[in-house]
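Please treat every number below as a calculation from the coordinates, not as lab data. Not measured: the values here are computed from a predicted model. Heads up, the Cβs are rebuilt from the backbone with ideal geometry, glycines too, and the neighbour counts pull from every protein chain shown.
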Amino acid sequence: MTSPYSRVAALALAFAGLASTAPAQTPAYPTRTITLVLPFAAGSGTDTTTRIISKELGTALGVGMVIDNKAGANGSIAASYVARANPDGYTLFVTTNTTHSANPYLLKTLSYDPMKDFTPIARTGDLPFMLVINPEIPANSVQDLIALAKKEPGKYSYASGSSSAIVSGATFARLAGLDLLHVPYKSSPPALTDVIAGRVSMMFVDVLTGLPHVNGRALKALAVTTKDRSALLPQLPSMDEAGVTGFDITSWQGYLGPANLPKDIVLRLNTEIQKIINRPEIKKELAERGMEAFSGPPEEFEQFLKDQLVVWEKLIADAGIEKQ
């Protein structure tokens, strides 16, 4: 006859066996450094604002944040890299309308799908653009510039370092009836350098990158690209207000991950990013650098991405830009 003590011992051994075969619990995300891949060079507007946000995000998550600038091919190099990355939350993409709104209609061959290959995490705001010219050009308004360009067709050129700059330049030329030469660059900083040097006449550039040069009088700002005046630069008229009727182009910025990023990781990142963006001192710091900061849930960002594909398809078609 088996004693009660023997039965208790047997049960204890059985439970111990079950416990030993139970899977180990996965450590809470994140446990190591996160890499943020950017489609533009260091010194660009996206790079500068990302460094501000990522510093706070790293502190909130308790891990290091590394920024990896992969400029080139209109942002496609960076986008393709992230699209092929492991969806574990340790490789993220901080990008703009260049890769996710415009490229499908600017490039003949696209090595990624802007919706299927990515997981939307959080939108972080808008980066208004402005029209800047070399100060040697005798124009103090958009209408002055149009008059000069019409007087000497083919003499004036515009630089670009992003899709917003490409589409803005082509839209300006079409709406104003101008013959302008397009000079493309890999990123905004080198493009701006050539405008300052007088090798290119003008450029549509994000406020963050261009404003220090405007303040230093190395460039002259004529207007912003948004339909209405920007709260960041209330002294500048909009292109529409300056007489280029129908001009309305805005650049956005946001965080994405590779496709199939786990929902708990998306929610963790989104929660922390929203907290950071909503802090008054962060909004102020970003505004001083040319970014109108705001955020929202990932579902809202996903719908925004879908809507922007429609918006940019029309902008590019109306501008008459052919795929390259």
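Between M115 and K275, what length in nm is gained on full extension when 0.36 nm per residue of separation is reduced by their alpha carbon distance?
Details: separation 160, 0.36 × 160 = 57.60 nm, distance 2.55 nm.
The M115-K275 span can extend by a further 55.1 nm.
Only beta bridges with both residues in the chain are counted; by DSSP, about 60 percent of them are antiparallel.
Residue by residue, the range 278-292 carries 3J(HN,Hα) couplings of 7, 6, x, 5, 6, 4, 5, 5, 5, 4, 5, 9, x, 10, 8 Hz when phi is fed to the Karplus relation 6.51 cos²θ - 1.76 cosθ + 1.60 (θ = phi - 60°); x denotes Gly or Pro. Placing pseudo-labels 7 Å out from each Cα toward the beta carbon at N260 and I52 gives an inter-label distance of 3.7 nm. Note that the range 179-194 has calculated 3J(HN,Hα) couplings of 9, 10, 8, 8, 10, x, 10, 5, 7, 5, x, x, 5, 5, 4, 6 Hz, one per residue in order, obtained from phi through the Karplus relation 6.51 cos²θ - 1.76 cosθ + 1.60 (θ = phi - 60°); glycine and proline are x. If you take every residue apart from K227 with its C-beta less than 10 Å away from the C-beta of K227, what net charge results, scoring Lys and Arg +1 and Asp and Glu -1? Net charge around K227: -3.
Oblate is the label for the range 197-324, because the ratio a/c of its alpha-carbon gyration tensor axes (a ≥ b ≥ c) is 1.5 or higher and a/b is not greater than b/c.
Classify the range 128-234 as rounded, prolate or oblate from the Cα gyration tensor: take a ≥ b ≥ c as the square roots of its eigenvalues, call it rounded if a/c is under 1.5, otherwise prolate when a/b beats b/c and oblate if not.
On the way: a/c = 1.28, a/b = 1.18, b/c = 1.08.
Judged from the Cα gyration tensor, the range 128-234 comes out rounded (a/c under 1.5).
Near V167, within a Cβ-to-Cβ distance under 12 Å, what is the net charge of the other residues, with Lys and Arg +1 and Asp and Glu -1? Don't skip to the answer; put the middle values down first.
Details: positive: R174, K314; negative: D248, E313, D318.
With Lys, Arg at +1 and Asp, Glu at -1, the neighbours total -1.
Assuming 0.36 nm per residue, please report the length gained on full extension of the stretch I67 to H182 beyond their Cα-Cα distance. Working shown, then result.
On the way: separation 115, 0.36 × 115 = 41.40 nm, distance 3.02 nm.
Net length gain for the segment: 38.4 nm.
Measuring how big the chain is from its alpha-carbon positions, Rg and Dmax come out at 24.7, 112 Å. If you plug the beta carbon distance of E300 and N215 into 1/(1 + (r/R0)^6) with R0 = 35 Å, you get a FRET efficiency near 0.50.
Count the net charge of all other residues whose Cβ sits under 14 Å from the Cβ of L145, scoring Lys and Arg as +1 and Asp and Glu as -1. Please list the in-between numbers first.
Details: positive: K150, K151, K155, K220; negative: E136, D144, E152, D179.
For residues surrounding L145, the net value is 0.
Do any of K108/K284; K227/K263; K227/K284 go past 29 Å between their Cα atoms, and which? Those over the limit are K108/K284; K227/K263. Ranked by the mean number of other Cβ atoms within 10 Å per residue, highest first, peptides 162-174, 270-282 order as 162-174, 270-282. For A41, the amide hydrogen comes within under 5 Å of the amide hydrogens of S188, counting only partners 5 or more places away or on other chains and with H modelled in the peptide plane. Our summary of shape: the Cα atoms of the range 64-196 have principal axis extents of 57, 32, 22 Å, ordered from largest down, in whole angstrom.
How many angstrom separate the Cα center of the range 81-130 from the Cα center of the range 152-176? Comparing the Cα centres of the range 81-130 and the range 152-176, I get a distance of 24 Å.
Here the simple spin-label model places points 7 Å from the Cα toward Cβ, and for Q235 and D307 these points are separated by 3.3 nm.
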